[in-house]
Structures are given as structure tokens and as C-alpha cells.
Amino acid sequence: MHDRIKAIREHLGLSQREFGEKLGVSRDVISNLEYNRVQPKELLLKHICELFSVNEKWLQTGEGDMFLDQKPHNKKLDEAIAIFKDLEPDFQDYALEQIRKLSELQAKRRDSIQDK
């Protein structure tokens, strides 16, 4: 299983430190898991599956697809979501409002292009 945990992290393009931060554990914990020095707790495995949409059967046995959702991986979206989750509620409100404005601006731009 240690090789599959490492495969997830590498597929996501995260360092051990970054992967650990997202999971709420230290880089040392991730390193110990990847080098098979410790066995992961069931709770951590479930957290990996939930947080990254990993197929639990694949993580446990290697059978099936790595991810439940096989859409193309979007690193920008993952980064934006991770940043958004770390913001305080007031900043989340502000960020969401800015995203709405950008979406409206994009829609207007598309409409003006189609009208030409």
C-alpha cells in the first residue's frame, strides 16, 4: 500500500510536506508511510480517499482505478480549492464574490463575441 500512497501524492504533484499538510499530518508521517516504516491507520486511509476522491478498493488492493472520478486532473482547480478552504470565512465570502464577478465578465465577453 505504501507505493500506492506515494503514487497518489506524485500524481497530485505534491511534496510530502504539502500532501501531509492537506491531510493534517507531518511530512515525517508521509515519509514513514511511503517507505513502509509504519502501517497507515484506517482513519487516515479514509481521509485520503475522501479528500482526493481516491478509490478505496484501489488504495487497499491495487484493483481498479486510482480515482473514483476519472475526469482529467485540474491542478489549478485543486490549488484554488485548497487555498479557499484555508481562508477565514470573511475572506471566503470576498473570494467567492470576485469569482462571481469574473464569471459574469466572461459571460459578457462571450456574448459580445457571439454578437459580432
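Numbers for the structure displayed
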quantity	calculated
Residue 30 being of a type outside the set (Ser, Thr, Tyr) and more than 19 Å from residue 9 (Cβ to Cβ)	no
Within the range 4-29, considering residues that are assigned to a helix (DSSP H, G or I) and of a type in the set (Val, Ile, Thr), the one farthest from residue 68 (Cα to Cα)	29
Residues of the range 13-24 satisfying the condition of being in contact with a helix residue (DSSP H, G or I) (Cβ under 7 Å, 6 or more places away or on another chain) and surrounded by fewer than 16 Cβ atoms within 10 Å (Cβ to Cβ)	13, 17
Which numbered condition residue 45 fails, given (1) in contact with a helix residue (DSSP H, G or I) (Cβ under 9 Å, 6 or more places away or on another chain); (2) on the phi > 0 side of the Ramachandran plot	(2)
Residue list for the range 58-104, filter: touching a residue at least 24 places away in the same chain (Cβ under 8 Å) and either surrounded by 12 or more Cβ atoms within 10 Å (Cβ to Cβ) or aromatic (Phe, Trp, Tyr) (or both)	58, 59, 60, 62, 66, 73, 78, 82
Counted residues, the range 5-26 - those being in contact with a Leu (Cβ under 7 Å, 6 or more places away or on another chain) and in contact (Cβ under 8 Å) with a residue 60 or more places away in the chain	1
Failed criterion for residue 113 (all others in (1) surrounded by 10 or more Cβ atoms within 10 Å (Cβ to Cβ); (2) more than 25 Å from residue 51 (Cα to Cα) hold)	(1)
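Each row is one residue, and each column tells you yes or no for (1) over 14 Å from the mean Cα position of the chain (by Cα); (2) closer than 19 Å to residue 2 by Cβ; (3) in a loop (DSSP other than H, G, I, E, B); (4) at pLDDT below 95.
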position: 31; (1), (2), (3), (4): yes, yes, no, no
position: 38; (1), (2), (3), (4): yes, yes, yes, no
position: 44; (1), (2), (3), (4): yes, yes, no, no
position: 72; (1), (2), (3), (4): no, no, yes, yes
position: 83; (1), (2), (3), (4): no, no, no, yes
position: 92; (1), (2), (3), (4): yes, no, no, no
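Condition check ((1) outside the structural domain of residue 45 (by TED's automatic domain parsing); (2) under 25 Å from residue 14 (Cα atoms); (3) aliphatic (A, V, I, L, M)) across all residues:
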residue	(1), (2), (3)
67	yes, yes, no
79	yes, yes, no
83	yes, yes, yes
88	yes, yes, no
92	yes, yes, no
95	yes, yes, yes
98	yes, no, no
101	yes, no, no
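The values are calculated or read from the model by the stated rules, or taken from the named source; none is laboratory data. Here the structure is a predicted model, which is why all the values come from computation and not from measurement. Cβ sites come from the backbone with ideal geometry, for glycine too, and all protein chains shown count toward neighbours.
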